[in-house]
Amino acid sequence: MKSNLFILSLLASLLLVMSGCKYPQGPALSLQSPEARIANIWKVVAATDEAGEDDTSSFDNRTYTFAEDGSATLTYTLTILGNSQNVNLDGSWNLLDDETNLQLLLQDVTGLITLNEELIITRLTQDELWLQDQTNDLQTIQLEAQE
């Protein structure tokens, strides 16, 4: 009886390990679903272009809020001619392509500013979300969970 339980436990562990690593930068195994890990408040901490050049300043003050129900908000400060204004884009997020791509559909209240992007998830932990934007010179964006 103990050997059957051991074999079943071993098979279950192997299945978890084999199906756990969806993202190139990890983690190899997570007990939480990708949706549960994405549902968080994220702050951009680094961004680089295809050549590896720092592009973090393009994302200053950006905060992404992803709720478990699929709703999303992007908050940032827009400065034009010395005048700063907070901007909120609201909408939804969705996982595509076997949960390896993140789709964002966002717009402001006027509908003038819209964001429709599909980003490749390269790392997804409870504290880190790394995204790659193929439409913008393979730009890589690293986010950390806000505490």
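P(r) for the range 18-101, from all Cα pairs and a bin width of 5 Å, is 3, 12, 16, 19, 20, 16, 8, 4, 2, 1, 0 %, short bins first. Taking a point 7 Å from the Cα of residue 112 along the Cα-to-Cβ direction, the residues of the range 63-102 with backbone N closer than 19 Å to it are 74-91. Label positions at residue 48 and residue 96, each projected 7 Å from the Cα along the C-beta direction, are separated by 2.6 nm. Annotation: average projected area of the range 81-127 is 5.1 square nanometres, based on the convex hull of Cα atoms across all directions.
No value in this document is a laboratory result; all are computed from the given coordinates. Here the structure is a predicted model, which means the values were calculated and not measured. Note that we place each Cβ from the backbone using ideal geometry, even for glycine, and neighbour counts take in every protein chain shown.
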